[in-house]
Amino acid sequence: MVILSRLFFTVIHNFFLLKLISMLLQFGPSIQYLRKKKNYTQQQVADLLFVSRSTYAAWETNGNDITFSKLLALIDIYKIAMQDFMVLVEGHNQVNNNHYDDPALVQIMKRLENIEQLLHDRNSIENRS
């Protein structure tokens, strides 16, 4: 039960973290970098994701928004940890400070902070046991 609870909070945490990042940053340069690093063609990755090559190409150029599920699939295909991917994305982008005034973004940031606090509290309790 404890493992399922921790997994649930981790999944929810990652969801809100990716949502936050998608509002602030563009993923295109990062997924293009990872594809080239793995020596994949756009067609190969598109086939793995069950999308057209043009759809995948649009993601690399930030022409279309990528869905959360497809982004998770890409992270899995490229065998990169979520945290490492986020660092890579941040490195490929400059955050526009005007986004911090967006009410939806503020709400997501608050939810993320709450989830992180719950995870921290749960880990502290488990470590004392």
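Looking at the structure I just gave you, is Tyr33 surrounded by 17 or more Cβ atoms within 10 Å (Cβ to Cβ) and hydroxyl-bearing (Ser, Thr, Tyr)?
Considered against the rule, which asks whether it is surrounded by 17 or more Cβ atoms within 10 Å (Cβ to Cβ) and hydroxyl-bearing (Ser, Thr, Tyr), Tyr33 comes out as no.
Scan the stretch 73-83 for residues that are at pLDDT 80 or above, exposed (fewer than 13 other Cβ atoms within 10 Å of the Cβ) and more than 12 Å from Lys37 (Cβ to Cβ) and report the count.
Within the stretch 73-83, residues that are at pLDDT 80 or above, exposed (fewer than 13 other Cβ atoms within 10 Å of the Cβ) and more than 12 Å from Lys37 (Cβ to Cβ) number 2.
Here are some residues: Ile12, Ile21. Which one is crowded, with 18+ Cβ neighbours inside 10 Å, under 30 Å from Arg122 (Cα atoms) and either modelled with pLDDT under 90 or among the polar types (S, T, N, Q) (or both)?
The match here is Ile21.
Restricting to the stretch 47-67, name every residue that is assigned to a helix (DSSP H, G or I), more than 18 Å from the chain's Cα centre (by Cα) and among the aliphatic types (A, V, I, L, M).
Of the residues in the stretch 47-67, the ones assigned to a helix (DSSP H, G or I) are 47-49, 53-60.
This time we only want the ones that are more than 18 Å from the chain's Cα centre (by Cα), so: 47-48, 53-55, 57.
Once the filter is applied, which keeps residues that are assigned to a helix (DSSP H, G or I), more than 18 Å from the chain's Cα centre (by Cα) and among the aliphatic types (A, V, I, L, M), the stretch 47-67 yields Leu48, Ala57.
Considering only residues that are under 19 Å from Lys79 (Cα atoms) and either at pLDDT below 70 or under 18 Å from the mean Cα position of the chain (by Cα) (or both), which ones fall in the stretch 24-46?
Scanning the stretch 24-46 gives Phe27, Gly28, Pro29, Ser30, Ile31, Gln32, Tyr33, Leu34, Arg35, Val45.
Could you grab me the full set of residues in the stretch 44-62 that are loosely packed, with under 14 Cβ neighbours inside 10 Å and either free of Cβ contacts under 8 Å to residues at least 12 places away in the same chain or assigned by TED's automatic domain parsing to the domain that holds Asn14 (or both)?
Passing the criteria: Phe50, Ser52, Ser54.
The values are calculated or read from the model by the stated rules, or taken from the named source; none is laboratory data. Everything numeric here is computed off the predicted structure, so don't read it as measured data. Cβ: placed from backbone, ideal geometry, glycine included. Neighbour counts: every protein chain shown.
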